[in-house]
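Here's the structure, in structure tokens; my notes come after.
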Amino acid sequence: MPDPLVIFDTTLRDGEQAPGFSMRLDEKLQLARQLDQLGVDVIEAGFPIASEDDADAVRQVATSLTRPVIAALARCAPGDIERAAAALAPAKRRRIHTFIATSDLHLSRKLRMTREACLDAAVAAVRLARTHTDDVEFSAEDATRSDPDFLCRVVEAVIDAGATTVNLPDTVGYSVPDEIAGFFRTIIGRVPNADRATFSAHCHDDLGLAVANSMAAIGAGVRQVECTINGIGERAGNASLEEIVMVTRVRPDLVPVETRVDPSHLFATSQLLTELTGEAVQANKAIVGRNAFAHEAGIHQDGMLKDRRTYEIMRPEDVGVTQTTLVLGKHSGRHAVQKSCERLGLTSLSRRDLDEVYRRMITLADRQKHISDDDLRAIASEVVGAAARGTTEQAGSRFGA
Ligand code: MN
């Protein structure tokens, strides 16, 4: 039996704090409801100390959703923890997520704090958080660039203080898969009370490795991943939720975990986020991009029409996309033109008509990128008109007869 993988969605916190992705309260609520339908385990709804709006969003999400755990972010400071606890008060299931940087670079340059003071602040924050809820997550910011000996001390201490989830973020997206796997193996192997907490990865995509690093972390024993819809987040973004979920679905033979996410809601969730923020995903984005299930090349279209498994490793309907698109363009072949004509009800074309439609389509595609259904209808009616004027057609050779 595969282990359950906790999907911690931070679209409303890490994602929302990226430039261009801010959402109003009603929009956050709409997205939170969609995330609930999707089936994520934890929704990080905001960072209450950061603004009154964030606190409101956490409170509203905590009030309206009862199934998922609602998390709020807090630095390792009493004021932050109290603020997060207050915003989470209406939640049926609440988690305080407290964090502090553990790398020497962050400690000396940003926080101007010693390692010992960092350790004390982490332990005190987790203890305080535990007075408000039994579900406390601790994050060691910049964990992957922290001294492993010091990090082990911090992790052991926060678990002793009551942290139930320990998140070790690759805050700046600096790690590579083999390295992050070794990193988690080392920490989990060396911390004596590691079995009392769930380990979590939070990978950024600065080098395009966020999902690969998250998967490597899972292989090393991590059982929670922090991710976002469309991979949005600080800078180049976070690990993309839809990609992680579909890796677990498509490759259960190699991935030792399964999620509770219903993938048939993935596309709608991605679309909703796009609508709310006005930021589209790239056409070739895995799983949810416009071209993720589109085929234009003639050889691919021909293969797809014969057996879709030739070029599709998952069905578009599995992720909520209505159907595969066979895009007509200059790379398309006759087979796809014939199928497109059939789909448009143009079934009375002779084989010769179809050849002519195909030739005209290719000529038009040299001038414009995409051939729309209207273009194809116009071409077909020109061809049929020309054929009728020529009166050379034999009824028996009509296509589809
Ligand atoms: Mn982050």
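Please treat every number below as a calculation from the coordinates, not as lab data. Just so you know, these numbers come straight off a predicted model, no measurement behind them. When we count neighbours, we look across all protein chains shown, and the Cβ atoms used for this are built from the backbone with ideal geometry, even at glycine.
Summary of computed values
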| quantity | calculated |
| --- | --- |
| Dipole magnitude of the chain, debye to nearest 20 (Cβ charges: Lys/Arg +1, Asp/Glu -1, about Cα centre) | 900 |
| Among Ile100, Ala129, Phe267 - extreme Cα towards positive end, dipole of the chain, charges at beta-carbon | Phe267 |
| Of Gly390, Ala85, Tyr174, farthest towards positive along the dipole that unit charges on Lys, Arg, Asp, Glu beta carbons give the chain | Gly390 |
| Per-residue Cβ neighbour rank within 10 angstrom, fewest leading, Thr165, Thr198, Thr228, Thr277 | Thr198, Thr277, Thr165, Thr228 |
| Cα-projected label distance for Arg67 with Glu342, points at 7 Å along beta-carbon direction, nm | 3.9 |
| Equivalent ellipsoid semi-axes, segment 39-88, via Cα gyration tensor eigenvalues times 5, rooted, Å | 18, 11, 8 |
| Estimated translational D of segment 310-372 in µm²/s (Stokes, Kirkwood radius over Cα pairs; 4 °C; 1.567 mPa s) | 100 |
| Computed magnitude of the charge dipole of segment 24-118 (debye, nearest 20; Cβ of K, R +1, Cβ of D, E -1) | 220 |
| Spatial extent of segment 3-277: Rg and Dmax, with the Cα atoms as the point set, Å | 17.1, 48 |
| Contour minus Cα-Cα distance for Arg127 and Glu312 (0.36 nm per residue) | 61.6 nm |
| Relative compactness, segment 120-216, computed as alpha-carbon Rg over 2.2 N^0.38 Å | 1.05 |
| Pair Glu275, Leu207: separation of 7 Å Cα→Cβ label points (nm) | 3.9 |
| Cut-off 19 Å, label 7 Å out along Cα→Cβ of Thr363, residues of segment 333-351 by amide N | 333-334, 337-338, 350-351 |
| Nearest-0.05 FRET efficiency for Met1 and Asp147, computed from C-beta distance (R0 35 Å) | 0.40 |
| Set of lysines with alpha-carbon distance to Lys285 below 25 Å, sequence-local pairs under 8 removed | Lys28, Lys330, Lys369 |
| Fully extended contour minus Cα-Cα distance, from Asp26 to Arg260, at 0.36 nm per residue | 81.6 nm |
| Size of electric dipole in segment 294-394: Cβ of Lys, Arg +1 and of Asp, Glu -1, about Cα centre, debye, nearest 20 | 180 |
| Residues Asp366, Asp205, Asp120 arranged by fewest to most Cβ contacts within 10 Å | Asp366, Asp120, Asp205 |
| Cα-based equivalent ellipsoid, segment 164-313: semi-axes from gyration tensor eigenvalues, Å | 31, 18, 14 |
| Along principal axes, Cα extents of segment 22-155, largest first, whole Å | 42, 30, 27 |
| Among beta bridges that DSSP assigns inside the chain, antiparallel share in %, nearest 5 | 5 |
